[in-house]
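These notes are about the structure you will find just below.
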Amino acid sequence: MTIKKKLGLSIVLLCTHIHLFSQAAFSLDQAVQYALNNHNEVKKSLIAVEDAIYTSKEYKAIGMPKLNGKIDYNYFIKIPTQILPDFLSPVVDGKLLGYGLIQPNQLPPPTNAGFPAQFGTKNNLTAGLELGALLFDGQFFVGLEAQRLLKELYVKQKDITNYQIKNNVIKAYLSILIAEKNKSLLLKNIANVETTLKEIKAINKAGFVEQLDVDRLELTLQNVRTELDKVDNLIELTKNLLKFQMGYPQEDPIQLTEDLDMLVNRMKVDKSELDQNLSIQNRPEYPVMQTGLRLLDMKLKAIKAGYLPTVVGFGSYSYSLQRTNLFDKNDNKAFPTGVIGLNVNVPIFDGFDKSSKMQRTKLEISKAKLNISDFERGITLETQNAKTAMKNAFKSLENAERSLTLAQRIYDITQKKYKAGVGTSLEIVQAERDLFTAQSGEINALFGLISAKVDLDKALGK
């Protein structure tokens, strides 16, 4: 391979690597869009929509005219024999008797025996066309409208799938950001503890503090590092969950381009969210339920249409060829046959079958209306609960921020006291624990607020 070719191949591989790497970094919106394009549930919902299209075409084919060609050929090894009544002997005997050629006593005794006769030819060939068409069927025409609604139903069910996947991706993405935020705080805390530990060790060497003070800080440092390991594992697990929710390959690495602060600012999480009103039509489940109700109405209409007559038209035209020698042009020619007609089926009495089906369908409609009513009440409750949860989340975050400010101030004062020789290492350890707890509390409160925001958006159908 020449240097030029090697260089070209290297450039291609490098570009491919850069492209693959760029594809592994996602903002929240990009992660959602990736999921909507690649998740298997989305693909299955698209297949269901496409299947509904072909189901509709299949149903329409019932009402389309049907044209079929038909060829029948029979070769009789033995031409069928039929026994005919003996109608010739009485006529002949009567003529002979009338002319005096025989006497009455010379007539043969009557008999029931017939005589054998063969009709037809060895070769029989029939070729023709048959046409059939559904001219009127009330149930079929109602079914055409129902097929359109069925396709609409699958499209709306796809919207529900997209809606659920979007929310799953958002929550998984947020979980990673929370874990990464927690990791950044732990790294900061480790750096602070290491600095303090370094200072305490220096003071210990000077003989101003006991080894116990050093041991306490080393234990604190070890505990924080253990928490960091747990958070690293949690990040790995939540990334795997995000990959699953996105339909992203589990074996490929993934990176997030947004952090928690960026997302909070972009999502505009504020108390004005609590003033939003519920519009039930925004929930993707609601149109599905309404379409289902309309389909039940169509079902009832189709059953009623079953009382109407059905009319089917038909026609055929064929040629029949009967010859002793099939290819002998001097033998019999082909003879045409044509027929057209109607087949009218009028329902008169079905043993109350359709009546019973109508009553059951009416019950299904009543049940569907009750389900819609329950859904409306449930969504109203879900929205109210989401708003209450968001109010509580705002309060929890405010309290957590105040606690963090207070814990940070206590920690700073404790550090100054210890360095001034008027504090103890136990106070430092306790202050650090309180600070870590307050930091964790703020992160959890922030996660609770964002989760409440996501739940409220879901309840509102956003």
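The values are calculated or read from the model by the stated rules, or taken from the named source; none is laboratory data. If you're wondering where the values come from, they're calculated on a predicted model, not measured in any experiment. Every residue, glycine among them, receives a Cβ derived from its backbone with ideal geometry; neighbour counts consider all protein chains shown.
A few points about this structure:
- Some residue of segment 367-374 being among the hydrophobic types (A, V, I, L, M, F, W, C) and assigned to a loop (DSSP other than H, G, I, E, B): no
- Odd one out for Met64, checked against (1) of a type in the set (A, V, I, L, M, F, W, C); (2) at pLDDT 90 or above; (3) surrounded by 14 or more Cβ atoms within 10 Å (Cβ to Cβ): (3)
- Single unsatisfied condition, Thr291 versus (1) outside any loop (DSSP other than H, G, I, E, B); (2) closer than 30 Å to Phe119 by Cα: (2)
- Residue within segment 346-353 that is loosely packed, with under 15 Cβ neighbours inside 10 Å and part of a helix (DSSP H, G or I) present: yes
Table: residues versus (1) of a type in the set (Asp, Glu); (2) assigned to a helix (DSSP H, G or I); (3) without any contact (Cβ under 8 Å) to a residue 40 or more places away in the chain.
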| site | (1), (2), (3) |
| --- | --- |
| Ser356 | no, yes, yes |
| Arg360 | no, yes, yes |
| Glu364 | yes, yes, no |
| Gly378 | no, yes, yes |
| Ala386 | no, yes, no |
| Ala389 | no, yes, no |
| Asn399 | no, yes, no |
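- Some residue of segment 227-236 being of a type in the set (Val, Ile, Thr) and over 28 Å from the mean Cα position of the chain (by Cα): yes
- One residue alone among Glu227, Glu218 is farther than 21 Å from Asp412 by Cα, among the charged types (D, E, K, R), in the same structural domain as Gln430 (by TED's automatic domain parsing) and not in a loop (DSSP other than H, G, I, E, B), and that residue is Glu227.
- If you go through segment 411-446 and pick out every residue that is surrounded by fewer than 16 Cβ atoms within 10 Å (Cβ to Cβ), of a type in the set (A, V, I, L, M, F, W, C) and touching a residue at least 24 places away in the same chain (Cβ under 8 Å), you end up with 1.
- Candidate set: segment 175-215, residues that are of a type outside the set (A, V, I, L, M) and not in a helix (DSSP H, G or I); chosen: the one surrounded by the fewest Cβ atoms within 10 Å (Cβ to Cβ): Gly207
- For segment 286-316, residues that are of a type in the set (Val, Ile, Thr) and within 33 Å of the chain's Cα centre (by Cα) total 3.
- Scan of segment 269-288 for residues that are touching a helix residue (DSSP H, G or I) at 6+ places or on another chain (Cβ under 8 Å) and either assigned to a helix (DSSP H, G or I) or outside the structural domain of Gly378 (by TED's automatic domain parsing) (or both), ordered by number: Lys271, Glu273, Leu274, Ile280, Gln281, Asn282, Glu285, Tyr286, Pro287, Val288
- Selection of first residues in segment 167-191 that are over 17 Å from Leu263 (Cα atoms) and of second residues that are of a type in the set (S, T, N, Q), restricted to Cβ pairs under 6 Å at least 6 apart or on distinct chains, gives the following pairs, ordered by first then second residue: Leu185/Gln439.
- Residue match in segment 236-251 (condition: outside any helix (DSSP H, G or I), at pLDDT below 95 and not assigned by TED's automatic domain parsing to the domain that holds Leu381): no
- Ala407 being among the aliphatic types (A, V, I, L, M) and more than 26 Å from Gln281 (Cβ to Cβ): yes
- Set Asp328, Asp261, Asp297, Asp275: member being among the acidic types (Asp, Glu) and closer than 21 Å to Lys387 by Cα: Asp275
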